[in-house]
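A quick write-up on the structure given underneath.
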Amino acid sequence: MLFVVVLLVALLLAALLWGWRLRRELEAERAYLQRRREKRETGALTQLFLATAAALESGLLLIDRNHRIRFANQALENMLHVELATVTGQAIITLLRDYRADALVKSAIESGEVQSTTFQPPRSPQTLQISCYPLPDHDEYCAIVLLRDITHLAQLERARREMVANVSHELRTPLASIKLLVETLQGAPPPEVAQRMLGNIDDELEAMTHLVDELRELSQIESGRMVMAFQPTDISALVERAIARLRPQAERRQLQLTSEITQPLPLALVDEERIGQVLLNLLNNAIKFTPTDGRITIHVSAVQAANQQTPSRIRHELQQTGLARAIVVAVADTGIGIPESEVDRVFERFYKVDRARTRNSGGTGLGLAIAKHLVERHGGRIWVESEEGHGSTFSLLLPAM
Ligand code: ADP
């Protein structure tokens, strides 16, 4: 009997032990499966994170608890011209070298709020936008930092601001004089004075209309809305037409106006009306900025990239366009010239070498900017060589057929 009881107890104990071991094994198995599932999920998430980071156009940094960079994507490497291997382990300030950007990351992490700012890395023309996204619930990492290159946007914004400032500046002067003239007219001056003032108002209105027309044209070209009609064109005929049109003006100022055309001249592939307009602009300027008794000459010739005799400046411009053959039109004057420091700027919108002097000559500073756009739409080039006090030569390179 005792034996049976002992046996039953032993069996019971064995069953209990077996059950306990089974439970432990089951638990261990469950924990193992759980760990595997988590690992798989983490692996999948890591893969997804890496794929997302690689697809991003923005630079991405993962910052750890010690405020060290633990991960950077390819876009960041391209943006900052750094090697990814060297970035890992660095502090933000070492990478970006900007105290404002560094302070922003720290402040975002401390406050737990997303923060953004823009900055310019030292010795770089770039404008970057930095945004810090804190990860308060994460043990290992404390923030994600995104960097966006907004250099182009910043330039556009600057250009827009400059444009508005320039347009208002250009309009303010004629508007102020019209206001003054109208006030004087309200005082009923003698008829001959009133007549002269009306003439002045008319001149100011014409200058304003000219400005608005040029602005509209510039905006049309810049937005790509201007349709070009390229056709084989005899440039020498175009040059002669421009000369004939402006000869009366040149004669009024006793300026000698001639052309020198080197034959044979191939046809050019251009929009006749637009290039005619550029020639008129260059001739107009030459007349405006050349004192009495000066000379203006338009040289026209064909050039080839392969010809060693082609002057180096023209060969350089040909190289820039990729054209093998071209026609060069050079408008040379013996006028006041342009100071060396300003030569490169005359093609900028609203740029005038001497504002006071140009205001009297009725310029807007838009003519050459428009000319540059038009010539470049032809795949050509425009440039100027000048010596202050001795004259300027504006040259056009146009595609030859
Ligand atoms: P504007 O309507 O003022 O003439 P442009 O864009 O045609 O505008 O010219 C810009 C500036 O370049 C002029 O204001 C002038 O200062 C300078 N410039 C242009 N052509 C000549 C030239 N042939 N000689 C000297 N300066 C010139």
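On full extension of the chain, what length is gained from Ala103 through Glu83, given 0.36 nm per residue of separation minus the C-alpha to C-alpha distance?
Contour length minus Cα-Cα distance gives 4.8 nm.
Straight-line reach only, C-alpha to C-alpha below 29 angstrom: list the lysines that Lys352 could link to, leaving out same-chain residues fewer than 8 apart.
Qualifying lysines at Cα under 29 Å: Lys179, Lys288, Lys372.
What distance in nm separates the simple spin-label points at Asp137 and Arg158, each placed 7 Å from Cα in the Cβ direction?
4.3 nm
If you count only protein heavy atoms with a 1.4 Å probe, what accessible area per residue comes out for segment 265-320, rounded to a whole Å²? Could the numbers behind the result be given before it?
Working: 2710 Å² over 56 residues.
So segment 265-320 comes to 48 Å² accessible per residue, rounded to a whole number.
Once the Cβ-Cβ distance between Arg241 and Glu340 is put in as r, and R0 is 35 Å, what FRET efficiency do you end up with, to the nearest 0.05?
0.55
Based on DSSP H runs of at least 4 residues, each adding -39500 (n - 2.57), what is the mean residue ellipticity at 222 nm of the chain after dividing by all its residues, to the nearest 500 deg cm²/dmol?
So the calculated ellipticity at 222 nm is -18000 deg cm²/dmol.
Given a 1.4 angstrom probe, I'd like the percentage of the accessible area of the chain that is carbon and sulfur, rounded to a whole number.
55 percent
Can you give me the C-alpha center-to-center distance between segment 87-137 and segment 289-337, rounded to a whole angstrom?
50 Å
The values are calculated or read from the model by the stated rules, or taken from the named source; none is laboratory data. Quantities reported herein were computed from a predicted structural model and do not represent experimental measurements. Counting neighbours? That spans all protein chains shown, and the Cβs are built from the backbone with ideal geometry, glycine included. Quick note on the areas: whole protein, heavy atoms, side chains included, nothing else; ligands and nucleic acids left out. Shrake-Rupley method; radii C 1.70, N 1.55, O 1.52, S 1.80 Å.
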